[in-house]
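Some notes on the structure that comes next.
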Amino acid sequence: MPDSAPQIIRREDYRSPDYRIEQVELDFDLEPRRTRVRARLTVQADHDQGDEPRPLVLDGEELELMAIAIDGRPLSPAEYVLEEQRLIIPRPPQRFLLETEVVIRPDTNTELSGLYVSNGVFCTQCEAEGFRRITWFQDRPDVMATYRTTIRADRATQPVLLSNGNLVEEGELEQGRHFAVWEDPFPKPSYLFGLVAGDLACNERSFTTRSGREVKLRIFVEHGKEGRTGYAMDSLVRAMRWDEERFGLEYDLDLFNIVAVSDFNMGAMENKSLNIFNDKYILADPETATDADFDGIESVVAHEYFHNWTGNRITCRDWFQLSLKEGLTVFRDQEFSADMRSRPVKRIQDVRRLRAAQFPEDAGPLAHPVRPDSYIEINNFYTATIYEKGAEVIRMLHAFLGEAGFQKGMGLYIARHDGQAVTCDDFVAAMADANDVDLSQFKRWYSQAGTPVLTVSGRYDTGRGAYELTVEQHTPPTPGQADKQPLQMPLSIGLLDRQGRDIPLVPGGGAGQESLTLPIRSERQTFVIEDVPEPAALSLNRGFSAPVNIRIDRDAEERAFLMAHDSDPFQRWEAGQEFATELMLATAGGQAPSLAAFIDAFGELLRDRRLEPAFVAEAATLPGEDYVAERMVVIDVEAVHHARQTLRREIALALRADLEVLYREMASDEAYSPDAEAAGRRALRNVALAYLSALAEEDARELDRLVTHYRTADNMTDRMAALRLLVNLPGPEQEKALRDFEDRYGSDMLVMDKWFMLQAISTLPDTLERVETLLGHPAFSLERPNKVRALIGAFTVGNPLRYHAADGSGYDFHAKRTLELDQVNPQVAARLLAPLGRWRRFDDARQEKMKAALQRILAAPRLSRDLYEVASKAL
Ligand code: 0A1
Ligand code: ZN
């Protein structure tokens, strides 16, 4: 237990603040061991003055208070109350200037919240509640102020001084120090404050907005890395243009800065005009970054940029509204990537991610609604539900309203709320009012947790020439929500004739009318589609229009038919995934199902040259072990692993010739380019390689192919693809390749993350031992979140087979390292705990061991609030 009983914060307790802080002037005197922060706050009472004056309560953490004054007069100790995390001024005036001076220690800030030092660079992370670790403040998002920030630092070690807004002054100080003054004209909440000081190189470009504003774009990185910022810069320019074209939203300052740092708790942060990034989402070149890394950069750069409107200009009233900015901004970055690349492939990847991270969360002990009702530690709520499910909710609104209606709603949302801190209700109200629709039932998506299950049955009525469809919905109970109400959702369907062609579904409709969206809103609904000349197959939930689980009875023949013919690429992919899942479940259950129909359809797919390679690569990738395991009553990791390996091997044996053709045809002798087309070809070639490698233990030629692929790779995508397969093979080749990789990239921290990760996900039996050893590797450190995620996170999340070892060694390891990490960085420790929370899904013996690990964590002294919340909820 933490020292004091952790307090539960409830949404229903929200009260607007008693005081507004309108202007903030900050003055930083930067020293790693002793940074002085002086703050001048213009405070204005915002409550009825007829009443007793209310106390001003400020938040603070680990601040050493040196001075405090009101309107220039120092306060006597009797005039304020200083607690561990609060500073209370019981009877302040109506309107006043509050001055404080504090000392903080960036050099020992391993939590990476507030002001810290990463590789010699001072940087800040203030979302959600980091600003209180910099100065005393009402640290809540509905307190919006303009900021003027002075930074003083040593010129030699910190030549670059950055904060939000515009640079208004800079100059020299005594003793080799210098200063810069920044002014941000847009009122913002404290969580968007940002500051950076360091010795950084910069890539600069200029961008002209469509109304003619010249914006200077700069990306700052450590010296020597500027050559790896080109793709991030291109992505930023594309994102800025796209937001103008698709959303009509333009940038609003003359300067946009990005800084990449090596130690960061998350992916990146949208501080106003000073985005701070994890290196991982900025730095890329063909030699060190994979296609997936390039992808990630494009979408995270865009995501942070898009926050300028959805998050910064309009922000959240309180942290329960987090999805207001995150769900909407994820939807926007998903749409951006879909417009830049292949839309169907992007949708498939997004759904994979939703299913891998959000569906299990929604089915487990940490399930919570998109707009939660309570929390202990807000940092635990940067979840797949807030982000990914939140984006699905926005996507459904988009489906109901259409692009034009959705943009009309966005227009009204911005016109009404620009400059405000608002709620999810305000957003939905703008959508409803702009389109004159009633969204009251739809809003249940914000308040109800759990993934709905739709049970669907279809029947062709020959006499009537009609197709009849019954849809029942049910949402399983989640913690604190036993009874669920029916949700409103768009369910897109299609009907295929015997030739596999779409039957027009809209009465009198022709081309373009092949899909119909069923308005689902009750527990049970029946739809009759008239004028259907012949029955064949039902394509259901096209484009994954509703974020639900579907139950429908289908036989192998129908699945193979959809896999071969569905005109909706998402459902074509889905049919194959479902088919493969059924087969793996049967195998895992001890049956020996016939694979013939599946393998035939799979072969068709591999040979279909009309399909884009990126799509075939997705369709030819079997569902992951976790996804299949989730479908078992009691998860059996060994059986699932074995079933998946068996299916991979059978595919390789049966379709070896096709796979070899693909391996050859998808090779390229052109110079590497990260574009979607080239990446798709590489992805497909590497999928072929992966199947062929399933034969490597019995056929030396395949082992050879793999080793050659590794050795001759001229880019990281191919090299990683080979190494990922090699690490699962016993024998000297594996060791040799790993050593070679370390020799090549040992000095590159980002590439070493890959090296750690690959070893952590190896399915070989000695993996845990190896992971333990790697904890002592000089490149590993518990103080570096990327390393922790690469080694500990990859093992606990990405290696179900070894993590769930029957002897409980994986759980013991997890509990022990989590407790160590908690003393260093509680946020990251808590985020890593999720796999233990799934204990209910396993057999009795594992359940006991997983629970014991959680209990050990809870019994530990000096537990953080972060870890306490997830561990106690997980039990
Ligand atoms: N708002 C950022 C994510 C973020 C959240 C919390 C952080 O520290 C606790 C850092 C970043 C985004 O959505 O990109
Ligand atoms: Zn975000």
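The values are calculated or read from the model by the stated rules, or taken from the named source; none is laboratory data. What you see is a predicted model; the values in this text were computed from it and never measured. Note: ideal-geometry Cβ built from the backbone for every residue, glycine included; neighbour counts use all protein chains shown. Accessible surface is based on the protein model in full, side chains and every heavy atom, while ligands, DNA and RNA are left aside. Shrake-Rupley method; radii C 1.70, N 1.55, O 1.52, S 1.80 Å.
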Can you tell me the accessible area per residue over segment 548-658, all protein chains present, probe 1.4 angstrom, in square angstrom?
-> 43
Hey, what does the equivalent ellipsoid look like for segment 644-694, semi-axes from the Cα gyration tensor as sqrt of 5 times each eigenvalue, largest first, whole Å?
-> 24, 11, 7
At a probe radius of 1.4 Å, what is the per-residue accessible area of Glu83, in Å² to the nearest 10?
-> 80
Residues with amide H under 5 Å from that of Val422, placed H, sequence gap 5 or more | Thr315, Cys316, Arg317
Site Asp107, offset 7 angstrom along Cα→Cβ, radius 13 Å on amide nitrogen, limited to segment 12-32, gives 31-32
Three semi-axes of the equivalent ellipsoid, the chain, Cα gyration tensor, whole Å, largest first = 46, 33, 27
Which length gain, in nm to one decimal place, applies between Arg91 and Glu660 when the Cα-Cα distance is subtracted from 0.36 nm times their residue separation?
-> 196.9 nm
Accessible carbon and sulfur surface of the chain relative to its total accessible area, %, 1.4 Å = 48
What is the packing order of peptides 398-410, 833-845, taking the mean over residues of other C-beta atoms within 10 Å and listing the highest first?
-> 833-845, 398-410
Accessible area per residue in Å² at 1.4 Å probe, computed on segment 734-844 | 37
Highest first, please rank the peptides 17-24, 73-80, 687-694 by the mean number of other Cβ atoms sitting within 10 Å of their residues.
-> 687-694, 17-24, 73-80
According to the Cα gyration tensor, what semi-axes, each the square root of 5 times an eigenvalue, does the equivalent ellipsoid of segment 356-417 have, listed from largest to smallest in whole Å?
-> 28, 15, 8
Too long at a 23 Å Cα-Cα cut-off: which of Lys188/Lys389; Lys816/Lys873; Lys225/Lys346; Lys325/Lys408; Lys280/Lys346?
-> Lys188/Lys389; Lys225/Lys346
What is the diffusion coefficient of segment 484-608 in µm²/s, taking the Kirkwood radius over Cα pairs and the Stokes-Einstein relation at 37 °C with a viscosity of 0.692 mPa s?
-> 208
Quick one: accessible area per residue over segment 216-282, 1.4 Å probe, rounded to a whole number of Å²?
-> 25
So for R0 = 60 Å, FRET eff. of Ile552-Arg711 from the Cβ-Cβ r, to 0.05, ends up at 0.80
Mind running the shape call on segment 427-524? Use the C-alpha gyration tensor, a ≥ b ≥ c as the square roots of the eigenvalues: rounded below 1.5 for a/c, prolate if a/b tops b/c, oblate otherwise.
-> oblate
Pull out a ≥ b ≥ c, the square roots of the eigenvalues of the alpha-carbon gyration tensor of segment 299-420, then state rounded if a/c is under 1.5, prolate if not and a/b is larger than b/c, and oblate in the remaining case.
-> oblate
Listed peptides 816-827, 358-369 by packing density, highest first (mean Cβ within 10 Å) | 358-369, 816-827
Per its Cα gyration tensor (rounded if a/c is under 1.5, else prolate when a/b beats b/c, else oblate), segment 1-84 is best filed as oblate
